[in-house]
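Below is one structure, written out as structure tokens, with a few remarks after it.
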Amino acid sequence: MLIPNYKITNALLKNVGRIDGAREVILNAPLVPAWEAKFRKEAMERTVHHGTHLEGNPLSEEEVKDVLDGQEVMARERDIQEILNYRNVLKFIDSIEQTIGSSNLYHLTVETILEMHRLTVEKTVPIEYQGTFRSRQVVIRNSLTGQVSYTPPPAVEVPFLIEDLVNWVNSQEAKDIHPVIKAGIVHYELARVHPFVDGNGRVARAVATLILFLEGYDIKKFFSLEEYFDSDPMNYYLTLQAVSNQLVLDTHERDLTPWLEYFCEGVAIELNRVKERVQRISVDARIKDKLGGTQLMLNERQMLIMEYLQRHKSLANREFRKIFPDHSDDTVLRELKFLRQKGLVRKAGGTKKATYVLK
């Protein structure tokens, strides 16, 4: 069975702490439920865009949104299909999480990984390569020089290596490991083994996401690991390859620490980005206490007003158009009245020269 080798370094501890801190803020932030659907949709769009862009898909973020919304986009059929496929992978992950619920009885299976691969490459590779392990040797080449940068294990070893990985994920040893570190190990091992002819990176990231979700680290599905990786693709691939190319006599001797530090740093950066956004729209955690410990459901216009007040400290009638160019003043005043009634905003001055501030 797989025996991952890594050290608990100060960098690893620091980022795991940042991750858990951000997770608590996001899960307990006031006002967030009003925007949960919006945040999840945006996170899904970013995941699909960056997860496929990282593998060379040329569609822009706006084009990806259009594809996911069912709009026509002028692009290669394969590029569009990759977008739809990765969305289907994320839906598959959601379906597993919803089926399991809070029972924690789920065990990762080889069949699950194969199905995630089938969904990833559906209609983009020949059917005989969809959801099946590679039967031939592959190499990873430098796209600029053409030189071989990494040679994965022989094809004959792939089924056994993936079986080992699955057994480890379901073992007691793995259950005692922090979910983010475990997800990083799973991502690395799938990338190292490179079990498929195509789609290995997307499957590795998707299975890592599945591990996080099943371990209670879905973080309301507000985050996208892929965005961090895609911000510096060279660093992402070089970190993976540097660990894989270590000169060791046995795979158990390979030190995963550099990769896990990189992976956990990425999760920490992404979750802290989400945390800061949540805090901006939540305005202040004290609101929760002011509302008797309950979370207030605000609509999108109300949330935009709260964001504006948080940034600019006040809002005058003449500034309504800055936030709502397509809405009448009466509509904005209606939303402000609601916020005043809830004790979040107060009005200063007369009707024509009124100024609204956070209460």
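Please treat every number below as a calculation from the coordinates, not as lab data. This structure is a prediction, so every number in the text was calculated from the model and none was measured. Please note: Cβ atoms are built from the backbone with ideal geometry, for glycine as well, and neighbour counts cover all protein chains shown.
Structure data summary
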item	result
Point-charge dipole on Cβ atoms (K/R +1, D/E -1) for the chain, about Cα centre, debye to 20	2380 debye
Cα long-axis angle, helix 36-53 against the chain (0 to 90 degrees, to the nearest 10)	40 degrees
Taking the convex hull of Cα positions in the stretch 192-280, its mean projected area over all directions (nm²)	6.8 nm²
Relative packing of peptides 303-311, 202-210, 228-236 - highest average C-beta neighbours within 10 Å first	202-210, 303-311, 228-236
Principal-axis tilt of helix 10-28 within the chain, Cα atoms, nearest 10 degrees	40 degrees
Cα-Cα separations in the stretch 298-358 greater than 15 Å, expressed as whole percent	41 percent
Two-decimal log10 I(q)/I(0) for the stretch 63-144, as the Debye equation yields it once each C-alpha is a single scatterer, q = 0.25 Å⁻¹	-1.16
Dipole-positive endmost among LEU114, PHE160, VAL203 within the stretch 10-282 (Cβ charges, Cα centre)	VAL203
Helix 329-341 vs. the chain, principal-axis angle (Cα, 0 to 90°, nearest 10)	90 degrees
Descending principal axes extents, the chain, alpha-carbon based, whole Å	79, 47, 40
Principal axis dimensions, largest first and in whole angstrom, of the stretch 12-152 by Cα	50, 38, 34
